[in-house]
Amino acid sequence: MTLIREEGAVKDRFTRADTLDAALEIDGPALVPLTIAADFAKARPGAEFGISVPGSTPIEDVRPHLGGATLVAVEFPAFADGRGFSLAKKIVREGFAGTLRASGPLIADEFADALACGFTEVELPETMANRQPVQQWLAARATMSEHYQTGYGRGPSILQKRLAARKGA
Amino acid sequence: MYRYDEFDERFVRERVAQFRGQVERRLDGSLSEDEFKPLRLKNGLYLQLHAYMLRIAVPYGTLNSAQLRQLAHIAETYDKGYGHFTTRQNLQFNWPKLKDVPDILGLLADVEMHCIQTSGNCIRNVTSDQFAGVARDEVEDPRPTAELIRQWSSLHPEFVWLPRKFKIAVTGAEHDRAAIKVHDIGLKLKRNEQGAVGYEVIVGGGLGRTPMIGKLVREFLPKDELLAYLEAVMRVYNSEGRRDNKFKARVKILVHETGEEEFRARVEEEYAKLDGPTINAPDEEVERIAAYFAPPAYDTLPEASQVLDQARAIDPELDRFVEQNAFEHKQPGYIALTISLKEIGAVPGDMSADQMRAFADVAERYSFDEFRVTHAQNLVLPHVKKDDLPAVHAALKAAGLASANAGLITDIIACPGLDYCALATAKSIPIAQAIAKTFADRERQKTIGELPIKISGCINACGHHHVGAIGILGLEKGGRENYQITVGGDATEHAALGERLGPGIDAEDVPAAIEAIVETYLAEKTGEESFIETVRRTGAEPFKAGFTAFVESRAVNSEAAE
Ligand code: SF4
C-alpha cells in the first residue's frame, strides 16, 4: 500500500484488521470495518482507531462513529465508481475533522477531485502505485489551477474570484 | 453570445495540456487501456468502427463565424473535409488521428471551444432552444442558465464518475423545442403567480432502450437557487443510481424504481441539508453572464418588408424557402432562418468545409456574426433582416444550403448507424436518404406538411426515434437488418413516446411503408391538422391497420415472385 497526500507519500500510522480479535492484537491505531467499530471502541476505550466504509454506505450508518474515529477510509471498489466522492462530501458536512482517506485503485487523474471533495489522502494498492508513481499524482493534481464549483477545494472558485475582482475594481 | 474571460481561457488551455498528458501516460503505460478509455471519452474521443471520432461541444448550440471557420480548417487539415452535426447540438469529426487530437484541441481553444464532457459518464454538454432570445413565447432567454450550467458542470469534482451519462436541457419558452421531458434533467424558465422567475424542474426523462418521460420534481425553483438544487439531484443520483447494470444506470431508472414521490423526498431532504448561498452563483455572476446575451443592436424596422415581398412575388424558390424555413422573430422586421442540412440525398447533418466557410460569411454579414445548431441537425441564422433575405437566400443557394424543407418529411434526423458507429445493428443514413428520395417532390412534401421522422441504428436511440412523429429503429434479426416503425412520438411540451405499428420490415420496404403511413394520415386528417395532431386525436389504430395492410401486400408480392 502507498499513501499519498498533497505533499507526497506518507507513512501509514494505521494497521488494518478485519476481525475484532485481530484488531485487539494491534499496537497503535487500528483501521477496522464499520461492523466491528462499536465493539472495538467498547473493548479498547480511549484507543485511537479508524473505520473503513464502502463508498456505497449511507451516511446514517457512518454518522454514529464519526465522533470516535480519527480516520475514515472510504473504499472505492473501482476507479470509475464515484460514490465515494459524494460520501466524502456528506462526511465532511457532518463536521468530521479527522483524516479522510480514499482507498482503492484510484488513478492519478482523480487526485485533485478527491482532495476537492474533502479527502486528505489516497491509499493505493501497490500494483497501481508501481504504474503511477507519486510524482504522477502530484503532477496530475497541479494540471488544473482553477475550478468553477463553489464549495469544493480550498481556494475560492472562479465564480468567487470574479466577484472579488469586481468588488475590488 | 458568451465570450471567455481570463478564467475560462486558462481553464480550457489547461484542460488541453491535461489531455495531452493523459495521452502520453497511456503511451508510456502508466494508464491502462481501461483507465484511459473514460478519460478520453470525457474529452469527446470515441473509438468507432473505422477510426477515432472526436465530438466537439457546441454549448447550447451557439456558434460564431470565427469558430465555424476554425472548424472548416480542422475538417480540411485533420479530417476528410467535412464535419457532422449531431442530435445533441454538437459537431463530430469522424476521421481524426489520436496523435493529432491534442493539436486539434489547441485549435479549438483558440476560438473558445472544447470537447469537455461530450461523452463519458458525466454531465454532458447542455442543450437548449435553437430560437433562444428570438422566440416570442419566451419568458426569459435560456442561454445564460445554460452557460452557468456549462461552467458549473465542467470538471465537477464530485460528479465526473457518475453511474452513467447525464444530459441537461433548458428552455425559456412555452413551446418546448429543447425536449426537456426526455432529458435526465429538464429545466423550464417560468414565472410564478407573484411574477418571479424560476424553474420548473423535470427529472428522469430519457430515450435509449428504456424510454421514459421525465417527472415533475419541483414545480417552481427560485432562479437564484439553481446550482444548489442541481447539486442535490446529482448527489442523490451519484450515491444511489445503479452501478450493477449499465442498462439500468440512468437516473430515469432510479426515479422509476424509487418511485416519483420518494425520489422527490430524497432530493428535497438532501437539498434541505445544503447551505445554498455557499453553492449558488452570486447575482453579479448571473448578471455578468446574462449581459453577453443581451439582444444585438437591431435596426428599428417595420414588421413587413417591401423588398422581400417583391422578391418573393417574382422568385417562387425564394418564396417557398421563406415560407418553409422562416421562424417569427420577436423583433419587427427580422426573422430567424432555419438552414436545413438535409439536401435530398445528402447525409443528414453533414457539412463540408467549403459550406462552413460560405455559411460563416453569411452569418457574419447578415446575422450579427452568430448562428445556432439545432437538435434536428440543422442550423439557424437567428437574426436576419427581412430586407436581406433575398441576398441571404442567393448566398445560401450558391453553397447548396437552401433546401426549403425545414420540418418537412425530408428533414430527417438520423444517427450515424452502421456507416460509422460500432454499436449499430442497422443502417440509418441510407434509410434517411431513401425516404428523402421517395418524397423528393416539393408539392408532395408541402401537401404532407410538418412531419419529423427520426431514425436510430440500434436501441441506444441516438436518433431519438421514440419521439419522432414517425420513428424508425433499425435492428438485426436473423442476420438481416430489420426496421421497426412507430408513430405518435413527440419531444415537445406534449411529450409522448411513439407506438409500434407492427412487425419489423426489411430496409427496402421502409420508404413504401412510410408512404402507406402518410396515406393513412392524409385520409384521416381533418382541417389543417398536422401529422402529429392527427395521431394524437385518432390514436395509433388507423395507422396500424394501414401498416398491416401494407405488410400483407408485401408478403403476397414476394410469394408471387417465386
Ligand atoms: S443509435 Fe445506436 S447506431 Fe445510432 S449512433 Fe446511437 S449507438 Fe450508434
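Listed values, structure above:
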{"quantity": "Count - residues of segment B:13-49 that are among the aromatic types (Phe, Trp, Tyr) and touching a residue at least 60 places away in the same chain (Cβ under 8 Å)", "calculated": "2"}
{"quantity": "Residues of segment B:480-489 satisfying the condition of being away from the ligand (no atom under 15 Å from the Cβ), part of a strand (DSSP E or B) and open to solvent by 10 Å² or more (accessible area, probe 1.4 Å)", "calculated": "B:ARG480"}
{"quantity": "Candidates B:ALA422, B:ALA426 - the one that is of a type outside the set (Phe, Trp, Tyr) and either away from the ligand (no atom under 16 Å from the Cβ) or open to solvent by 10 Å² or more (accessible area, probe 1.4 Å) (or both)", "calculated": "B:ALA422"}
{"quantity": "Residue match in segment B:397-412 (condition: within 11 Å of the ligand (Cβ to nearest atom) and closer than 23 Å to B:VAL182 by Cβ)", "calculated": "no"}
{"quantity": "Residues that are at the interface with chain B (Cβ under 9 Å from one of its Cβ atoms) and either under 24 Å from B:MET234 (Cβ atoms) or part of a helix (DSSP H, G or I) (or both), drawn from segment A:119-144", "calculated": "A:ARG131, A:GLN136, A:ALA139, A:ALA140, A:THR143, A:MET144"}
{"quantity": "Check on B:LEU475, open to solvent by 10 Å² or more (accessible area, probe 1.4 Å) and touching a strand residue (DSSP E or B) at 6+ places or on another chain (Cβ under 8 Å)", "calculated": "yes"}
{"quantity": "Matching option when the condition is outside any loop (DSSP other than H, G, I, E, B), farther than 24 Å from B:GLY489 by Cβ, open to solvent by 30 Å² or more (accessible area, probe 1.4 Å) and at pLDDT 95 or above, among B:ALA363, B:ALA391", "calculated": "B:ALA391"}
{"quantity": "Selection count where residues are touching a helix residue (DSSP H, G or I) at 6+ places or on another chain (Cβ under 7 Å) and among the polar types (S, T, N, Q), scope segment B:372-417", "calculated": "3"}
{"quantity": "Segment B:440-479: number of residues that are in a loop (DSSP other than H, G, I, E, B) and either within 16 Å of the ligand (Cβ to nearest atom) or touching a residue at least 60 places away in the same chain (Cβ under 8 Å) (or both)", "calculated": "15"}
{"quantity": "Residue count, segment A:154-169 (criterion: open to solvent by less than 60 Å² (accessible area, probe 1.4 Å) and facing another protein chain (nearest Cβ under 7 Å))", "calculated": "4"}
{"quantity": "Considering residues of segment B:515-539 that are within 17 Å of B:GLY489 (Cβ to Cβ) and open to solvent by 60 Å² or more (accessible area, probe 1.4 Å) only, the residue farthest from the chain's Cα centre (by Cα)", "calculated": "B:ARG537"}
{"quantity": "Matching residues, segment A:79-104, being more than 11 Å from the chain's Cα centre (by Cα), within 9 Å of another protein chain (Cβ to nearest Cβ) and open to solvent by less than 40 Å² (accessible area, probe 1.4 Å)", "calculated": "A:PHE79, A:ASP81, A:GLY82, A:SER86, A:LYS90"}
{"quantity": "Checking B:VAL12 against (1) in a helix (DSSP H, G or I); (2) out of contact with any His (no Cβ under 6 Å at 6 or more places or on another chain); (3) within 11 Å of another protein chain (Cβ to nearest Cβ), the condition it does not meet", "calculated": "(2)"}
{"quantity": "Complete set of residues in segment B:35-70 that are within 14 Å of chain A (Cβ to nearest Cβ) and either over 19 Å from B:ASP350 (Cα atoms) or among the basic types (Lys, Arg) (or both)", "calculated": "B:GLU35, B:PHE36, B:LYS37, B:PRO38, B:LEU39, B:ARG40, B:LEU41, B:LYS42, B:ASN43"}
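Quick grid of which residues meet (1) touching an Asp or Glu at 6+ places or on another chain (Cβ under 8 Å); (2) within 30 Å of B:GLN18 (Cβ to Cβ); (3) within 14 Å of chain A (Cβ to nearest Cβ):
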residue	(1), (2), (3)
B:SER128	no, yes, no
B:ARG136	yes, no, no
B:ASP141	no, no, no
B:ILE168	yes, yes, no
B:ALA178	yes, no, no
B:ILE185	no, yes, no
B:GLU193	no, no, no
B:TYR199	no, no, no
B:ARG218	yes, no, no
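The values are calculated or read from the model by the stated rules, or taken from the named source; none is laboratory data. The structure displayed is predicted, hence computed values, not measured ones. Because the Cβ atoms are built from the backbone with ideal geometry, glycine has one as well, and the counts that use them run over all protein chains shown. These accessible areas exclude ligands, DNA and RNA; they are computed on the full protein's heavy atoms, side chains included. Shrake-Rupley method; radii C 1.70, N 1.55, O 1.52, S 1.80 Å.
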